[in-house]
Every structure is written in C-alpha cells, then in structure tokens.
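Inspection log for the structure reproduced underneath, given as structure tokens.
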Amino acid sequence: MPVTKATRWSETIRAVRHPNYRLFYFGQSISLSGTWMQTVAQAWLVIQLTDSAAAVGMVTTLQFLPITFLVLFGGVVADRVPKRNLIVGTRLLAMIQASLLAALVSSGHVELWHVYALALVLGLANAFEQPARQAFIVELVGRDDLMNAVVLNSGNFNAARLIGPSVGGIVIATAGVEAAFLLNALSFVPSILMLTVMDMSGLHVSDRRRRTTASAGALSELREGISYVLRTPAALLIIIMMVFMGTFGFNFIVVVPLLAKFVLDGGSVELGFLTAAIGLGALCSALAIAANRRTTRFMLFGGGACFALLLGAVALSEWYSVTLILLIFVGAANIAFATSANTSLQLATPDHLRGRVMALFMLLVAGSTPIGASITGLAAEQWGVQTAVGILAALCLVGVSLGFLYYLTHKAEVERTSEAASYA
C-alpha cells in the first residue's frame, strides 16, 4: 500500500523532476498569487472610483485589448527568440506597472484614466509573454510530461487564485488597494530570479525545429501558423470550442466583482472568497487528473458542458453560500476542459509552430476578453448581472455543442491528426 501511494504521488508531480521546470513552477507560484491579488484590487478600485458595472468591464477590456491585436505577433516573436529572455523582459514591465499603480493610489491622486492607461501597459506585457510561456512548457519537460506540466501549471494558477484573492480581500480591507498593488510588484522578483538561473542546455528542443531567418516576414510566418490550424482537424476542433469558451466562459471572472456587489450585497472580503472558490475547485480538479498521461475526449466535452451548466446555475443563485459552492464546481469543470484543450492543441502542433499556434489559443483565451468583457459589462448594465451570466452560460453551451458536432462528423481525421506533431 505505501508503495502504491508513493507511485501515484510521483506520477502526480512527475514534471517537477525536471530542474528547469521546478524553477519555473515555484517562481510562478509566488508571482501568480500577487497577480490575483492585483486582479481583485484593480476591480475594487474601479468600483470605488465609479460604482459602475460598465467601468469594471471597460478596464478589463483595455487590459486585454493589446492581447487582441498583438498576441499573434507575440507568437511569431516567441518562435524567433529564446522564450526565457522574452518572459523575463515582460515580467519586468509588469512589475513596473504594478509599482506605478501602488504609487498613484498611495499619493491620493489616482484617477480612472490612470487605471485605464496602466491596464493597457499590463496588456502589452501579457501579449508577448503568454504565447512564449505556453510554448516554453514543452521545452522545460518534453512531450511525454507535457500534460502533467500543463495540469500542474493550471493547479499552480488556481492555487494562486485561491490564495491571492483571499489574502487580497483582507489586505484591501485593512491596508488599502495600494498595499495589494505593491505586494504584486514584489512578487515578480523571485520569478525573474529563477528564470535567470535556468540551465538553458537542459531544454527539450527538437533537432528538427525550423530555423527562422531574419528575412522571413512576420505576416507570412503568422499565416503559416493559422494555416496549420485550419488544415489540422485535431487543432481546429479545439479552436472551434475556444471561440465560445474563451470569449464568454473564461471571461466569467469579469462578472465576479459585479456578483459580489450587486447580486450578493458583499464587500471586498466576499469578493476575495468568491474568486478563491473558483481557484479551490480548479486546484482540486487539477490534483485529481494530474497523474493522467493522456487527455480524453470525455474530459474535453464533459468539462465544457458541465462548466456551461454550472455557470447557468450561478446566474440563478441569489444566495452567497450557494454561489460560493457553485463556483467551486465551476472551477473544477473549467480546469478539466482547459487543460484538455491546451494539451491536445500542443500535442497536435510541431515544435517550430508552437509559439504561433499557442498565440492563437491565447487570443481566444485572453485576447477575446475585450469582446466578452464589453458584452458582459453592457449586458449587466442593461439587463442585470444575473441575466448577463445566463447569456454567458448559453453561449458556452453553444460552443461545446458545435465542437461535439464537428468531432462526430470528422472523428477519423481528428484522431489521425491528434498526435501528428510527434512525427513531424
């Protein structure tokens, strides 16, 4: 019995045996907690300044707008330069952004346009970091441990979502939003240090990786990545679902502050715990599936469908305790779908295209936020927060249904190309 238990645990955390991934993982765990703290603080600051649901949607829109326009070119850059160096540079920019927010709030001179402008700066950093970070994972652990690394990353992200907002809500209530921004700025320091001490010779980079010449045009490289997705059924399946799940489902975080204040009559502490509930469910789900070496279609479609239905239940709830419990399950379903989609897309993509293909994935995850956040904010302002959440849930269900229909009509092609990159 003890041997079985130890083996199961070693399978659950097997990606951590790679030294470079260990550095990346633990640096991320600190930085992400600060990031989630800032997410809560930024939303609460906007509510304090305006008391407007539309303003909360707008600041989120501006934060993700650079991703919408630049993330695909960020993928081109990620395929051209060392990904570690690119990530270090973008994190330095994000650290400066958080420091400026802390200084403005502390001085008492912060205005809404300051928050809007700095949200754009953070979006610029994320537009180039996100595709590089996603594509960097397989270089840290190799293809065999990719799913485990993606799941552990998601668990790390959601552990931070559990810790960061909870602590952030308390920090805001006791020391003000400026303290949350300052703590986020400091959280980037260990992450940057751990990236700089990595052993670059230990990266898992294919010998068949294409050499990208300086003369190659960025637009032609971008077209190459998009063309690959469109002609590869296993990759196209994920993109079809992500058009809806990314735009309307993953952007659900936009309405959590609105639920806390306008539906559940809560404050910053309640907001922190509602956000943390999503992280708790996601973390539990990640730990449950981390030992799996391969994803499944059931995880992809089942996770997506459950997410949509649970989101619909959140739209109907007017009780804090019920919403808190529902959000735990929303987080669990989200992680099942998201890790399955991420892993499936990366395994269906050859090394030399991964930055660009994952940039398309991140465009739908984060770059679609200006659309999703604007629609959500305006719908909440016009028809109420609960109706807005219900609309998001319905659109997610449409996306899952379209993806399942595509799979049924192209099953042989999807399965044939799901591991095509292994032989590319």
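The values are calculated or read from the model by the stated rules, or taken from the named source; none is laboratory data. Since we're looking at a predicted model, the values are computed, not measured. All Cβ positions, glycine included, derive from the backbone under ideal geometry; neighbour counts span all protein chains shown.
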**Q.** Of all residues in the stretch 60-71 being buried (at least 24 other Cβ atoms within 10 Å of the Cβ) and among the hydrophobic types (A, V, I, L, M, F, W, C), the one that is farthest from ALA119 (Cα to Cα)
**A.** VAL71
(Q) With outside any loop (DSSP other than H, G, I, E, B), buried (at least 22 other Cβ atoms within 10 Å of the Cβ) and more than 16 Å from the chain's Cα centre (by Cα) as the only criterion, which of ALA103, ALA119 stands out? (A) ALA119
Q. Does at least one position in the stretch 31-39 carry a residue that is among the hydrophobic types (A, V, I, L, M, F, W, C), farther than 24 Å from SER154 by Cα and either free of Cβ contacts under 8 Å to residues at least 24 places away in the same chain or crowded, with 22+ Cβ neighbours inside 10 Å (or both)?
A. no
Q: Run down VAL167, VAL138, VAL115, VAL110 and say which single residue is under 18 Å from SER33 (Cα atoms) and out of contact with any Ser or Thr (no Cβ under 7 Å at 6 or more places or on another chain).
A: VAL167
Q. Between a first residue in the stretch 138-155 that is free of Cβ contacts under 8 Å to residues at least 12 places away in the same chain and over 11 Å from HIS204 (Cα atoms) and a second residue that is β-branched (Val, Ile, Thr) and not in a helix (DSSP H, G or I), which pairs have beta carbons less than 6 Å apart while being 6 or more apart in sequence or on different chains?
A. none
Q.
Need pairs with beta-carbon distance below 7 Å; first residue within 23 Å of SER285 (Cβ to Cβ) and within the stretch 328-357, second among the charged types (D, E, K, R) and assigned to a helix (DSSP H, G or I); sequence gap 6+ or separate chains.
A. GLN346/ARG354
Q: Go through the stretch 347-361 residue by residue and tally those that are over 15 Å from the mean Cα position of the chain (by Cα) and farther than 11 Å from GLY74 by Cβ.
A: 9
Q: Name the helices (runs of 4 or more DSSP H) wholly inside the stretch 309-409 in which the number of residues that are more than 24 Å from ILE240 (Cα to Cα) and either touching a strand residue (DSSP E or B) at 6+ places or on another chain (Cβ under 6 Å) or modelled with pLDDT of 90 or more (or both) is 3 or more.
A: 320-347
Q. In the stretch 156-172, is there at least one residue being under 21 Å from GLY267 (Cβ atoms) and free of Cβ contacts under 8 Å to residues at least 12 places away in the same chain?
A. no
Q. Right, PHE298: touching a Ser or Thr at 6+ places or on another chain (Cβ under 8 Å), modelled with pLDDT of 85 or more and closer than 29 Å to GLY142 by Cβ or not?
A. no
Q) Which residue out of ALA380, ALA332, ALA313, ALA341 is surrounded by fewer than 20 Cβ atoms within 10 Å (Cβ to Cβ) and of a type in the set (Gly, Ala, Ser)? A) ALA313
Q: Can you confirm whether the stretch 234-247 contains a residue that is crowded, with 24+ Cβ neighbours inside 10 Å and more than 16 Å from the chain's Cα centre (by Cα)?
A: yes
